[in-house]
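Scroll down for the structure; my scribbles are underneath it.
Any read-out appearing in this document is the output of simple, stated calculations on the displayed coordinates, not a laboratory observation. It should be emphasised that the depicted structure is a prediction, and the values quoted were computed from it without experimental measurement. All Cβ positions, even for glycine, are placed from backbone atoms using ideal geometry, and neighbour counts span all protein chains on display.
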Amino acid sequence: MERNQILDQTTAIFKDILDNETIVLNDTTTAEDVEDWDSLNHIQLVVAIEKHFKIRFTSMEIQSWKNVGEMIDSIKSKLPEA
Amino acid sequence: MKEFSELKRNLKKDFSKLKPVKVAILGDTATQFLTQALRGAGFDSGFDLQIWEADFNQIERQVFDSGSELYHFSPQIIIVFQSSHKLLGKYNKLKADQASFASKELNTIKAICDTLISANPKTKIIFYNYPEIDDAVFGNYANKIESSFLFQLRKLNFTLMEFALQAASFYICDIASVQNLIGKTNFFQPSVYINTEMVLSINVLPRIAYKTLDIINAIEGKFKKCVILDLDNTTWGGIIGDDGIENIQIGSLGIGKAFSEFQYWIRKLKNRGIIVAVCSKNTESIAKEPFEKHPDMVLKLADIAVFMANWETKVDNIRKIQSILNIGFDSIVFLDDNPFERNIVRENIPGICVPELPEDPAEYLEYLYTLNLFETISFSNEDTERTKQYQVEAQRVTLFEKFTNEDDFLKNLEMVSLVEPFNKFNTPRVAQLSQRSNQFNLRTVRYTDNEIEVLGASPDHFTFSFTLEDKLGDNGMICVIILQKEDGKTLFIDTWFMSCRVLKRGMENFVLNTIVNFASENGYRFLKGEYIPTSKNEMVKDHYQNLGFEKSGEYWIIDVLKYENKKSFINKK
């Protein structure tokens, strides 16, 4: 899957879980830029992403991303090569 | 079932018209998501759950400190959620005496429960039991080793049930059975636990919330009382009118097994006190034939309270059944294999529960198990007699149609009533009626067994229970009055509720005659009543007015000196 496809799908998940249609994500977006993206909702987002892409993150990965770009990299690394 | 994110979306909706219920959650792990899931699920059941969450791992401090925030909050319901993980953590730290771990834990739980109840006897405790963790230290052999964690955890779950037998306000929410259903890998997600200290996966949260709401609904008087069965391809395989009695599928062969097992389940429900009725598009005599003659039928006609087999619509027949039983549509479950019939019933009868039975009858039971339709918070011997009473009621309806004059009908019934104060024999039934009565209930104050016992012995209260029996059968106890001394002259009617199955028999007149005579014999001048509206008790809105009480502010007053006994065809037994 292309990186921008992953970003689009991840954005859709954010919109759904945080119930906010105005969310726009890019590689440099951090939790501080998005309303309601706190540590608890982060877990809900992670679980929704895992379910959507049928992947599993390790406990360490979940807390390691500094921005959305790193999160997307992490997702991409777990998906089968296109 | 809704997902967690959908339940969370409920939180933004308008709760202002919903019934408020104060709930405290005491957990030894993080419970923020559980709180959100519960409040969201509560919305769908019509509750504004006002939830106070203790900081985690503060259970004992909150319980044993009488000045804690918990007691300031004064919850109606307290959920205690001690996790299997923390239990394992405690066990891991033991240096010796592992074999007595469960009994020590149980003692702590008993102390928590006793303290909560003595602080407020009206509090209900919902206790989450322990989903299993097998630490695999002994393998299968753990079952033979008393000191193994698995042995101790299972023992604790079992002894909790034994404790619940006698702790009236202590209800176990069986989350262990949720894990059995969906599997531990779905129930618990290690990465979530490591990062948040939450032991419930996001996916399981709605299931736990609904399981808890089942108990809260039952505590608040919302539960199912009746199941209505379709016959062809629901109760047996095949179509009796076409296939004939020898060809319908039931018994130990093939798909017949599924229907037999379904019938055993229905019979167990009936024995538990759920009313079973039949609603089928069939010729009555043909529909009854298997019940009378088929050797493999588990259900017999004696198990069915109301039997409706004709060519009217199911909607009309269900309405007829409801009017005979006099219970709310929201306490009725309708089981039918036909999606078309299900939709018509669902669209025309608001509130009725119509499960989407799977296409394959082999899956009926497993599917129905997962719905947990028949939650309850009480069980008494009278429950098992209910079917007979409703059958008699159906006969009464037929008898009534023969009389043109209502008085003649009532006289003909030869009714007698036993009037008694609360005692140890009638206490469970009084408490149960107090939980079940929604429609004919003036103030809808719910009392538990314990509270009824206290009221029975109270010098400030006078209690009355009424039975009603007639020539067709015995309805058992059907009405309860609690009078509270307000001052030397006035008795306040704290409680007046009556079972709807004895409506229109003049019971209200008989009851009022009884309590007015009691008041005047004991030197009281006034009876004072109050009507507190709920979504269900509109039926008795004008109750006191109709009985001749006079309005005085928010209350209704009757002067016993001016009272003339009302017409009644009921005699004291």
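Somewhere in the range B:463-474, is a residue of a type in the set (Gly, Ala, Ser), surrounded by fewer than 21 Cβ atoms within 10 Å (Cβ to Cβ) and part of a loop (DSSP other than H, G, I, E, B)? Looking through the range B:463-474, none of the residues is of a type in the set (Gly, Ala, Ser), surrounded by fewer than 21 Cβ atoms within 10 Å (Cβ to Cβ) and part of a loop (DSSP other than H, G, I, E, B).
Within the range A:38-82, being assigned to a helix (DSSP H, G or I), among the charged types (D, E, K, R) and away from every other protein chain (no Cβ under 14 Å) holds for A:GLU70, A:ASP73, A:LYS76. Among the residues making up the range B:1-48, those that are more than 14 Å from chain A (Cβ to nearest Cβ), among the aromatic types (Phe, Trp, Tyr) and not in a loop (DSSP other than H, G, I, E, B) are B:PHE43, B:PHE47.
Could you identify the single residue in A:LEU45, A:LEU7, A:LEU25 that is within 16 Å of B:PHE33 (Cβ to Cβ) and in contact with a helix residue (DSSP H, G or I) (Cβ under 6 Å, 6 or more places away or on another chain)? Selected residue: A:LEU45, the only one of A:LEU45, A:LEU7, A:LEU25 that is within 16 Å of B:PHE33 (Cβ to Cβ) and in contact with a helix residue (DSSP H, G or I) (Cβ under 6 Å, 6 or more places away or on another chain).
Being charged (D, E, K, R) and on the phi > 0 side of the Ramachandran plot is the filter here, so list the residues in the range B:149-206 that pass it. Listed by number, the list holds a single entry, B:GLU197. Among the residues examined, A:LEU7 does not qualify as within 14 Å of chain B (Cβ to nearest Cβ) and among the hydrophobic types (A, V, I, L, M, F, W, C). Inside the range B:171-220, residues that are without any contact (Cβ under 8 Å) to a residue 24 or more places away in the chain, within 13 Å of chain A (Cβ to nearest Cβ) and part of a helix (DSSP H, G or I) make up a count of 7.
Selection of the range B:549-568 for residues being within 34 Å of the chain's Cα centre (by Cα) and surrounded by 11 or more Cβ atoms within 10 Å (Cβ to Cβ) yields B:PHE549, B:TYR555, B:TRP556, B:ILE557, B:SER568.
Considering only residues in the range A:5-31 that are outside any loop (DSSP other than H, G, I, E, B) and of a type in the set (D, E, K, R), the one that is surrounded by the most Cβ atoms within 10 Å (Cβ to Cβ) turns out to be A:ASP16.
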